[in-house]
1. Return the residues of region 123-171 that are among the hydroxyl-bearing types (Ser, Thr, Tyr) and within 28 Å of Trp57 (Cβ to Cβ); say none if nothing qualifies.
2. Quick one: in region 42-54, which of the residues that are of a type in the set (Val, Ile, Thr) and surrounded by fewer than 18 Cβ atoms within 10 Å (Cβ to Cβ) is farthest from Pro111 (Cα to Cα)?
3. What tally of residues in region 59-80 results from selecting those that are over 15 Å from Asp114 (Cα atoms), open to solvent by less than 40 Å² (accessible area, probe 1.4 Å) and either in contact with a Gly (Cβ under 9 Å, 6 or more places away or on another chain) or in a loop (DSSP other than H, G, I, E, B) (or both)?
4. Inspect region 71-81 for any residue being under 16 Å from the mean Cα position of the chain (by Cα), of a type in the set (D, E, K, R) and either at pLDDT 95 or above or under 22 Å from Leu54 (Cα atoms) (or both) and give the result as yes or no.
5. Criterion first (at negative phi, under 17 Å from the mean Cα position of the chain (by Cα) and without any contact (Cβ under 8 Å) to a residue 24 or more places away in the chain) does Asp137 satisfy it?
Amino acid sequence: LPKLLELAEAAAADRSALEDRLAAAEGAAPGGALAGFLAEGVSRFTDDDFLGILTRWTRGVLETLPESARLMGQFLACLGDDDRNLVVVLGNWADLWRRLKRPGKQPETVPLADQLSAAALVQVDDNRYRLHPAVADAIRGTADERLREAVDTELAAFWQTVAHQVRSGGR
C-alpha cells in the first residue's frame, strides 16, 4: 500500500492522469473496494488485489513515459538489485542501446533516471537505483524476450571484462 500511495502522489501533479489511474485501479478492485478504502481507511483488499493494482498502475505510468525512459526502466528492472548501481548502468547502457539497434547516440542516463524517479518508479540515491520488488516485476513483465536477452548478454560481457581486468591486475 505505501508504494501505491507514493505512485498516486507522483501522479497528483497531473489531476487528469491521477483520475485516470484511480479509475483504472477502482475498475480492477473487487466491489468498489478502492473507494471504500479511500473513504473509510479500511481495506477489503487481499494482498493479491493490492499486487494486481500496483502492477496495473506501474505499467500504466510506464506507458506514459517517453520511449527512452521506458527502456531505461525496463533495463533497470531486468538487472538484479546488486547490479542497479551507477557503475553497472553506465558500463552497459550504451552497449545495450547499440545491441538493440536504437537510432543515434544513447540518451544520457541522468535525465532518464530523473523521469523514472519523478514517476515514483525508481528511487535514485547513493549512486544506486532502487526499485520496489513488485514495481520491478511489473516493469520487467513489459520487457520482451529480445530486451531481456540483450540485458543478460551485455551484463555477462561486462562482468567477464571486470573479471579479466581483476585477474590481469587492471591491465
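1. Tyr129, Thr142
2. So the residue we want is Val42.
3. 3
4. Here is the first cut: in region 71-81, the residues under 16 Å from the mean Cα position of the chain (by Cα) are 71-81.
Narrowing further to those that are of a type in the set (D, E, K, R): 81.
Going one step further and asking which of them are either at pLDDT 95 or above or under 22 Å from Leu54 (Cα atoms) (or both), we end up with 81.
Checked against the condition, which is being under 16 Å from the mean Cα position of the chain (by Cα), of a type in the set (D, E, K, R) and either at pLDDT 95 or above or under 22 Å from Leu54 (Cα atoms) (or both), region 71-81 yields at least one hit.
5. Answer is no for this residue.
The values are calculated or read from the model by the stated rules, or taken from the named source; none is laboratory data. Keep in mind that what you see is a predicted model, and the values were worked out from it rather than measured. Here Cβ is always computed from backbone atoms with ideal geometry, including for glycine, and neighbour counts include all displayed protein chains. Just so you know, the surface numbers come from the protein's heavy atoms only, side chains and all, with ligands and any DNA or RNA stripped out. Shrake-Rupley method; radii C 1.70, N 1.55, O 1.52, S 1.80 Å.
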